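The values are calculated or read from the model by the stated rules, or taken from the named source; none is laboratory data. Keep in mind the model is a prediction, meaning the values are calculated, not measured. Reconstructed Cβ throughout: ideal geometry from the backbone, glycine too, with neighbour counts over all protein chains shown. We work out accessible area using only protein heavy atoms, side chains counted, and drop any ligands, DNA or RNA first. Shrake-Rupley method; radii C 1.70, N 1.55, O 1.52, S 1.80 Å.
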Amino acid sequence: TRKESSAASDVYKRQLLEREEIKMSMTRNIIIGVGGLILFGIFSSFFTVNQTQQALVLQFGEPKRIIQDPGLAFKLPFIQDAIFYESRVLSLIPQDAEEVILADQKRIQIDAYARYRIEDPLLFFQTVRNELGARARLESIIDSSVRRVLGSETLASILTGERENINGSIRDEVNASVDSLGIEIIDVRLRRADYPESTSQNIFNRMKSEREREAKEFRATGDEEAQKIRADAEKTRTVIVAEAKREAQEVRGQGDSNAIRIYADSFGQDPEFFSFYRSMEAYRKSIGESGTSMVLSPNSSFFRYFKDKDGKMN
């Protein structure tokens, strides 16, 4: 019995020790958890605002204060949170070009871009929440302002030095519209102004037709000038040939006249020899090697030198 009571006493003491150890472990864990929670709260109470940022402190989603100076800042742990916005100039480049009708009823594709800055983080948060929401609002505002301003301008003014004034008018109008969004528009520019594809094709076809018409006119003018030149050349050739023939006839006539005179002078000195010579020439040409056949009377004067060397007819 004494042994049993001693054993029971040892078991009870052991249980007491185990309970004490469990209590101490739980207390230690609680202390560690509370300490960790306190440290986490302390560390989460501080945050850093970079030089390129500005912060807005929210408590259960409600704005409490704005921090625009860079450095270390404080917020209540667990119940307050901080959201950050860029303090630098941001760019907005629309994805697609817009078709605009100008005052002269011409259609062009306008590709505009803008640069803006978040001026009032509180107003920015209350109206557009973030940059994605700001982009959607700005695109619609810029698009409507571009259409309204360019609707009173002509294509010539857009393509000349007046383009800067047009950009300024668009910027001022957009600034007036986004003032309630906590945004300041730094600049709005028309990056590209082109004709639509269909209009560009029509213009190309019209230019092609115009160039083809001009080419036909140049060819027709060239053909006309060529015909004139050919006609003048033909006329000049005809005149030159006629003059040459006239001169040749004159020279030939003068030569024949001289020849006749020389022959007359020569044959006048011996008429009988001239008659004999002429008859020999006639014989050579008529009954020479040509094989000509003639039917003549033997008593013809043509053969008088065949019968008599002096050419006397009996």
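Is it fair to say residue 185 is open to solvent by less than 60 Å² (accessible area, probe 1.4 Å) and not in a helix (DSSP H, G or I)?
It is true that residue 185 is open to solvent by less than 60 Å² (accessible area, probe 1.4 Å) and not in a helix (DSSP H, G or I).
Is there a residue being among the small types (Gly, Ala, Ser), assigned to a strand (DSSP E or B) and open to solvent by less than 30 Å² (accessible area, probe 1.4 Å) anywhere in the range 192-209?
There is at least one residue in the range 192-209 that is among the small types (Gly, Ala, Ser), assigned to a strand (DSSP E or B) and open to solvent by less than 30 Å² (accessible area, probe 1.4 Å).
Of the residues 100, 174, 178, 149, only one is part of a helix (DSSP H, G or I) and more than 27 Å from residue 52 (Cα to Cα); which?
Exactly one of 100, 174, 178, 149 is part of a helix (DSSP H, G or I) and more than 27 Å from residue 52 (Cα to Cα), namely 149.
Would you confirm, using the coordinates I've provided, whether residue 153 is within 20 Å of residue 105 (Cα to Cα), in contact with a Leu (Cβ under 9 Å, 6 or more places away or on another chain) and acidic (Asp, Glu)?
yes
Can you confirm whether residue 88 is modelled with pLDDT of 90 or more and open to solvent by 100 Å² or more (accessible area, probe 1.4 Å)?
It is true that residue 88 is modelled with pLDDT of 90 or more and open to solvent by 100 Å² or more (accessible area, probe 1.4 Å).
Could you list, in sequence order, all residues of the range 145-171 that are loosely packed, with under 14 Cβ neighbours inside 10 Å and over 23 Å from the mean Cα position of the chain (by Cα)?
148, 151, 152, 165, 168
Cβ-Cβ under 8 Å, sequence separation 6+ or interchain: first residue in the range 115-134 and farther than 28 Å from residue 167 by Cβ and in contact (Cβ under 8 Å) with a residue 40 or more places away in the chain, partner open to solvent by less than 50 Å² (accessible area, probe 1.4 Å) and of a type in the set (Asp, Glu). Which pairs?
Listed by first residue and then by second, the contacts come to nothing, as the list is empty.
Could you please find all residues in the range 63-96 being among the aromatic types (Phe, Trp, Tyr) and more than 48 Å from the chain's Cα centre (by Cα)?
Within the range 63-96, 74, 78 meet the criteria.
Suppose we keep only residues that are part of a helix (DSSP H, G or I) and of a type in the set (Lys, Arg) within the range 129-144. Which one would you say is least open to solvent (accessible area, probe 1.4 Å)?
Among them, the one singled out is 135.
Quick one: in the range 91-132, which of the residues that are at pLDDT 90 or above and charged (D, E, K, R) is nearest to residue 145 (Cα to Cα)?
Across the range 91-132, the extreme among qualifying residues is 115.
Can we say residue 291 is surrounded by 10 or more Cβ atoms within 10 Å (Cβ to Cβ), on the phi > 0 side of the Ramachandran plot and modelled with pLDDT under 85?
No.
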